[in-house]
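Colleague: Quick one: the structure is below, questions incoming.
The values are calculated or read from the model by the stated rules, or taken from the named source; none is laboratory data. Only a predicted model underlies this, so the values are computations on that prediction, with no experimental measurement involved. Cβ: placed from backbone, ideal geometry, glycine included. Neighbour counts: every protein chain shown.
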Amino acid sequence: MATIDQQFVEYIVKTLVNNPDKVSVERKIDEKGVLLSLSVDPEDVGRVIGKRGATAQSIRTLLRALGTKNDARYNLKIVNTDDLSSSDSSDSFSGEETSDSSEESDSSRLAEKTRAEMEDLDDLDI
């Protein structure tokens with residue numbers, strides 16, 4: 001049975017994404033409070049994060065309000081569900097670049113940048 005905080009995050013995120021069936025929220029209690037790990041379809045990660053992390057920050061703000069009501073401290077972690085083990089992405093991550101795969105390398109650089117931004121957002125403490 002999902003708790004109210006899990007249901008709250010699921011409801012908000014499912015209204016934002018194109019693939020609501022792939023949204024899942026796991027709940028763990030750690031030394032900092034309640035950690036909610038959000039997993040979405042790789043296509044929907046950008047929708048959940050928003051420009052410059054605005055959407056993710058808004059969700060975290062709403063969670064903070066819920067935490068005030070429930071006397072709990074919530075942290076939201078957006079889990080990267082991209083499969084990095086495919087042969088195409090491993091070639092472009094190794095630094096090898098050919099003229100035929102310039103579009104793939106551009107998307108790989110964009111994916112790397114997005115992953116780095118997600119890690120920075122996960123470290124934010126509201």
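Colleague: Tell me which of these Ser85 doesn't satisfy, since it passes every other one: (1) modelled with pLDDT of 80 or more; (2) part of a loop (DSSP other than H, G, I, E, B); (3) exposed (fewer than 11 other Cβ atoms within 10 Å of the Cβ); (4) small (Gly, Ala, Ser).
Modeller: Every condition holds for Ser85 apart from (1).
Colleague: Then there's this: Scan Val9, Val79, Val45 and give me the residue that is aliphatic (A, V, I, L, M) and free of Cβ contacts under 8 Å to residues at least 60 places away in the same chain.
Modeller: Val79
Colleague: Here's something else I'd like to know. I'm trying to understand the selection: among the residues of the stretch 13-52, which are surrounded by fewer than 18 Cβ atoms within 10 Å (Cβ to Cβ) and within 19 Å of Thr68 (Cα to Cα)?
Modeller: Result: Arg27, Lys28, Ile29, Asp30, Glu31, Lys32, Gly33, Leu35.
Colleague: So, one more: I'd like to verify a number: residues in the stretch 15-39 that are more than 19 Å from Tyr74 (Cα to Cα) and either outside any loop (DSSP other than H, G, I, E, B) or under 13 Å from the mean Cα position of the chain (by Cα) (or both), how many?
Modeller: Residues that pass the stated criteria total 6.
Colleague: Residue check, Asn75 against (1) modelled with pLDDT of 60 or more; (2) surrounded by 10 or more Cβ atoms within 10 Å (Cβ to Cβ); (3) part of a helix (DSSP H, G or I), all met but one. Which one?
Modeller: Failing condition for Asn75: (3).
Colleague: Let me ask you something else. If you take the residues of the stretch 53-72 that are charged (D, E, K, R) and at pLDDT 90 or above, which of them is surrounded by the fewest Cβ atoms within 10 Å (Cβ to Cβ)?
Modeller: Arg64
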